[in-house]
Amino acid sequence: MSTTIPSRLEESTDPSAAGAERSEPGGRAKRGGGGGRPTWRPELAAELRALLPDELLDELLAGARTEEEITGPGGLLSQLTKRLVERALEVELTDHLGYEPHQEPPGGAGNTRNGSTPKTLITEQGEVRIDTPRDRKGTFEPRIVRKRQRRFEGFDDKILALYSRGLSTRDIEAHLAEIYGVSVGRDLISRVTEAVMDDARAWQTRPLDDVYPVVFLDALVLKIRDGGSVQRKACYLALAITMDGEREVLGMWFQDTEGAKFWMQVLTDLKTRGVRDILICCVDGLKGFPEAIEAVYPATTVQTCIVHLIRQSLRYVPRRQYDQVVKDLRPIYTAVNADAALAALEVFEDKWGSQIPVIGQAWRNSWEYITPFLAFEPEVRRVVYTTNAIEALNRQLRKAIKTKGSFPSEDAARKLVYLAIQNAAPQWTRTRGWTKALLAFKIQFGDRLPE
């Protein structure tokens, strides 16, 4: 027994493994809320089932019948956690010293046991008081519960998961006290969430793929305290569809306002991180946006969001004519090709040009950038004709930040947005119809698309 416990516990609680799960600076961000979650390991679960037969469980549960007696503070799970952790620590110390308890050190001299130190661990079963064994020379470095460690593995992830959903430190403190019966100070919560900044910085500078078939660019506005006043700042986001059809957030950048000039800096940053080519870049109707993209990626096809243009057009339509204008605009963006779309626009202008001339003018001014998607089949058009993909991400982020009146600093905003992005990732699915879209891109863009 003493030879098998350390290896299994070490596998499941190795701090370096937990850190690797939380962040992959050299690749895509790991999916999961709160910056990473423990991976379910069926082989380890099978081993534990073999070690815990039903007869043993029946014996453990003897006399424990209520939920409080089993899972409550001081209950069966709490006591079992205490006994298992203390036993594992004893086994680790035995391996470190090289001899069993109540025996003499080899040769009659050397390092020896030196009592224990009480410690309170914060776990999912509440506070668990354990006794950690010591050695006389102070060279023992336990792995199951490290020195100065006060929270059991996985508890920090609970804090980060709550924080990523927009809960304040006060709310998290109350939630942990109510659910787990533990008292966690706000300064501790702040330290746990602050540790995420290293992951966020590594994620922001990680190398990217050489080519992305589609990249969506958009920004959302946050309120951030700067000096003695609250300023509105733009958080720039880049969401890509990879060669495998998966969605990946490439990064986030903060600036005072949204503008085409700073978007050029964002694209330059993507280029320095390894993005050699972007086939199609989908953006909203920001003035100068297409020119900024073409300055960094001259071969990239810029697709302005059709939905944005339709919304902009309908702003000028009286309510009584709204439905008819919507119906008459539809033949333009559903045309079989760009020539048919231009003919449909001329028909629209013949009917509405005298009453609402700004609509036709707006479509003609953006014509070069709203028609590229018409070169594809309808199934492929759904992938690129609108920025809905990144707007859906923005909606997820707003759920997390809506509880914040303002952020105390840009780092605080960066921390929450990063965690919210990780939390939103599991809700994404592979782009629908991607295999057909990839084939169409290969035909359209030829050698620019890698094999």
**Q.** Accessible surface, segment 307-383, averaged per residue in Å² (probe 1.4 Å)
**A.** 58
Q: Using only the alpha carbons, work out the radius of gyration and Dmax of segment 327-451 in angstrom.
A: 20.0, 54
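Over segment 343-451, with every protein chain in place, what whole percent of the accessible area is carbon and sulfur at 1.4 Å, could you tell me?
Values: 2830 of 5490 Å².
Ligands and nucleic acids excluded, carbon and sulfur give 52 percent.
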Q: State, to one decimal in nm², a quarter of the convex hull surface area for the C-alpha atoms of segment 246-369, i.e. the direction-averaged projected area.
A: 9.6
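The values are calculated or read from the model by the stated rules, or taken from the named source; none is laboratory data. These figures come from a predicted structure and were not determined experimentally. We work out accessible area using only protein heavy atoms, side chains counted, and drop any ligands, DNA or RNA first. Shrake-Rupley method; radii C 1.70, N 1.55, O 1.52, S 1.80 Å.
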